[in-house]
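First the structure, in the form of structure tokens, and then the observations on it.
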Amino acid sequence: SSYVNNGQLSAQFNFELYNVAQAVFIDPNRSFKDLDAEMKKSLDVFGSLHLMGNIMDSHDKNRFMAYADGAITLDQWNATEEGWANPPEVKNPYNYKKAELYYAYMFAIPGLPVIYYGSEFGMTGLSDPDNRRMMRFGNQLSPYEKEMLKNVRKIVKLRNENSALVYGDFYTLRADGKIYSFVRSDFYERVLVVLNKTDENQEVEINLPEIYSAKQILDLTGNNSAKLDSNKIKISLAPRGWKFYKIN
């Protein structure tokens with residue numbers, strides 16, 4: 001953070017937050033409580049409105065899908081030789097959901113979401129140069145990659161269409177080993193974000209603050225109203241599922 005000051009850089013990649021987020025989304029034993037604690041540290045240092053870059057991977061990092069699909073473990077940060085000798089391919093299509101969930105998180109938090117080329121459809125790769133494979137387009141993508149790309153486009157569209165996801169403050173409602181739920185609020189709207197990091201369906205009950213005086217919850221991902229009763233909302237989440245709601 002010493003480089004992000006007046007007269008210096010406007011922002012950098014937020015590596016401190018990235019390191020914790022990567023571990024939480026990959027390791028089933030890591031809790032969203034860890035990520036929420038790091039998020040609060042980040043907001044204390046940079047403020048609720050900042051330009052720090054949020055990443056899932058980069059030209060200097062192993063691709064997220066390499067971790068998500070088990071080609072590499074979190075404790076192995078350098079995999080150059082493996083990248084030359086045995087470059088991985090995604091073996092389990094379900095693991096694209098892990099990357100999609102990370103993007104739902106990344107596009108809903110304060111800061112600037114940064115997509116490293118190819119990761120929007122789940123390109124895998126180990127250390128440089130394996131993480132710099134040639135870009136692929138259109139029919140060069142598998143059906144699973146096309147599906148992830150379609151869903152990431154939806155996530156990007158949600159951020160573009162809801163100002164609270166760009167300019168809003170950040171308020172945590174729940175952070176545990178399964179669920180991360182928070183609200184982004186600006187002068188125009190409130191958006192509730194709910195993430196399920198488990199590989200099972202989850203029935204989630206979220207308690208909204210009474211001060212919101214919520215009358216309706218609109219599902220921005222499906223355009224359906226969720227059940228709201230006395231500031232409590234009940235939500236069904238698929239494995240590695242995510243939901244964005246507008247609170248009216």
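If you go through the range 72-95 and pick out every residue that is within 11 Å of residue 127 (Cβ to Cβ), open to solvent by 50 Å² or more (accessible area, probe 1.4 Å), out of contact with any Gly (no Cβ under 8 Å at 6 or more places or on another chain) and not in a helix (DSSP H, G or I), you end up with 3. Restricting attention to the range 220-233 and to residues that are under 23 Å from residue 155 (Cβ atoms) and more than 18 Å from the chain's Cα centre (by Cα), the residue that is most open to solvent (accessible area, probe 1.4 Å) turns out to be 223. Selection of the range 51-60 for residues being part of a loop (DSSP other than H, G, I, E, B) and within 19 Å of residue 105 (Cα to Cα) yields 51, 52, 56, 57, 58.
The set of residues in the range 147-173 that are within 24 Å of residue 228 (Cα to Cα), open to solvent by 10 Å² or more (accessible area, probe 1.4 Å), assigned to a helix (DSSP H, G or I) and not charged (D, E, K, R) contains only 158.
Condition check ((1) touching a strand residue (DSSP E or B) at 6+ places or on another chain (Cβ under 6 Å); (2) farther than 28 Å from residue 220 by Cβ; (3) touching a residue at least 24 places away in the same chain (Cβ under 8 Å)) across all residues:
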| residue | (1), (2), (3) |
| --- | --- |
| 125 | no, yes, yes |
| 130 | no, yes, yes |
| 141 | no, no, no |
| 144 | no, no, yes |
| 148 | no, no, yes |
| 152 | no, no, yes |
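Against the definition (charged (D, E, K, R), under 24 Å from residue 239 (Cβ atoms) and crowded, with 23+ Cβ neighbours inside 10 Å), how does residue 34 come out, yes or no? For residue 34, the condition - charged (D, E, K, R), under 24 Å from residue 239 (Cβ atoms) and crowded, with 23+ Cβ neighbours inside 10 Å - is not met.
Here is a yes/no grid of residues against (1) touching a Phe, Trp or Tyr at 6+ places or on another chain (Cβ under 9 Å); (2) under 15 Å from residue 98 (Cα atoms):
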residue	(1), (2)
14	yes, no
17	no, no
26	yes, yes
36	yes, no
41	no, no
44	no, no
56	yes, yes
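For the range 174-198, the set of residues classified as under 14 Å from residue 246 (Cβ atoms), surrounded by fewer than 21 Cβ atoms within 10 Å (Cβ to Cβ) and among the β-branched types (Val, Ile, Thr) is empty.
When residue 50 is tested against (1) within 28 Å of residue 144 (Cβ to Cβ); (2) of a type outside the set (A, V, I, L, M); (3) open to solvent by 10 Å² or more (accessible area, probe 1.4 Å), only condition (1) is not met.
The values are calculated or read from the model by the stated rules, or taken from the named source; none is laboratory data. Predicted model only: the values in this text are computed from it and were never measured. Methodologically, a virtual Cβ is constructed for each residue, glycine included, from the backbone with ideal geometry; neighbour enumeration extends over all protein chains shown. SASA here: full protein model, heavy atoms, side chains in, ligands and nucleic acids out. Shrake-Rupley method; radii C 1.70, N 1.55, O 1.52, S 1.80 Å.
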